[in-house]
Amino acid sequence: MTFERYFKTCSYCLIGAGFAAIAATGNADPVSIILFAAVFIVSWHIDTNGLRRHIPAWILNCVALAYLFFFVFDLRLLSRSFMTAIIHLLFFAAAVKLLTLSKDRDYLQLYCISFAELLAASTLTVNIVFAFCLLVFLLCGISTLILFEMRRSNAKMQDTAKVKPFVARRELQGSGLELFAPFPARLFSVTAIGIALLVAAVAIPLFFLFPRVTQGFYRKPFGSTQFISGFAEQVELGQI
């Protein structure tokens, strides 16, 4: 597997983990899920860089401005829920970025959107699917950030270097990926899994050791509350 293919696979797995986490909460309607899934699949197969070159910047700006009015309409009349409207906004921003993916900042913005989706899903559900999405996000996030820095640093070096390190193959010339051919995908995968296990080994004990408070914005999940009858651990006279 080439470096470019491995980097794209990790990036899409990271983006897909955030989308799957928010879709599993049940707060996103089926229409928005199907539309984003279609954009997600199509963007993998098309030349997004070429599509971005053919779309003027003012058209994208007009589309973004038009969605601001739609967001107000969605919030007031369509979904009538702030969280659902925010989910639609995240789906729209991610879909536009996926179809016009061409620069490093586009990848970074998609990573941030995916993290926002995962963060929103953490307040909306306690489903076991979220735990799986969190695991995939952690593993792919480590791999993607390492690969992104390798890709960015090597492209910068190729732009400033006066002497090429070696003669690259024709299909790699000018791509900025000459140093990563052939790419050791299997060894890198084992290294990324080892880093993820090390992060989990440090984070899980800290989670149980650090005190947790109930103040702040995320003090309770969004959505309807389920009331359960019964007795509490402490009973006071005159209190229910």
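The values are calculated or read from the model by the stated rules, or taken from the named source; none is laboratory data. Note that the coordinates shown come from a computational prediction; the quantities given were computed from them, not determined experimentally. As a convention, Cβ positions derive from the backbone with ideal geometry for all residues, glycine included, and neighbour counts pool all protein chains shown. All accessible areas refer to the heavy atoms of the entire protein, side chains included, with ligands and DNA or RNA removed. Shrake-Rupley method; radii C 1.70, N 1.55, O 1.52, S 1.80 Å.
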**Request:** Go through the range 20-33 residue by residue and tally those that are farther than 15 Å from L89 by Cα and among the hydrophobic types (A, V, I, L, M, F, W, C).
**Result:** 3
**Request:** Starting from the range 54-75, keep only residues that are within 11 Å of H88 (Cβ to Cβ) and without any contact (Cβ under 8 Å) to a residue 24 or more places away in the chain, then list their pairs with residues that are open to solvent by less than 100 Å² (accessible area, probe 1.4 Å) and part of a helix (DSSP H, G or I) whose Cβ atoms are within a distance under 8 Å, requiring at least 6 positions of separation or different chains.
**Result:** F71/A85; F71/H88; F71/L89; D74/T84; D74/A85; D74/H88; L75/A85
**Request:** Kindly check whether there is at least one residue in the range 70-79 that is touching a helix residue (DSSP H, G or I) at 6+ places or on another chain (Cβ under 9 Å), polar (S, T, N, Q) and open to solvent by less than 20 Å² (accessible area, probe 1.4 Å).
**Result:** no
**Prompt:** Only one of (1) under 25 Å from F115 (Cβ atoms); (2) loosely packed, with under 10 Cβ neighbours inside 10 Å fails for H45. Which number is that?
**Reply:** (1)
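Of the residues L90, L124, which single one is closer than 24 Å to A24 by Cβ and modelled with pLDDT under 85? Quick ask: steps written out before the conclusion?
Numbers: L90 fails: modelled with pLDDT under 85.
Result of the check over L90, L124: L124.
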**Message:** Just checking, does the range 34-48 include any residue being modelled with pLDDT under 85, aliphatic (A, V, I, L, M) and over 15 Å from the mean Cα position of the chain (by Cα)?
**Reply:** no
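Does at least one position in the range 88-96 carry a residue that is closer than 28 Å to F188 by Cβ, touching a Ser or Thr at 6+ places or on another chain (Cβ under 9 Å) and buried (at least 19 other Cβ atoms within 10 Å of the Cβ)? Please lay out each step first, then the result.
Keep residues of the range 88-96 that are closer than 28 Å to F188 by Cβ, which gives 94.
From the residues that got through so far, the ones that are touching a Ser or Thr at 6+ places or on another chain (Cβ under 9 Å) too are 94.
From what is left, the residues that are buried (at least 19 other Cβ atoms within 10 Å of the Cβ) are 94.
For the range 88-96, residues closer than 28 Å to F188 by Cβ, touching a Ser or Thr at 6+ places or on another chain (Cβ under 9 Å) and buried (at least 19 other Cβ atoms within 10 Å of the Cβ): present.
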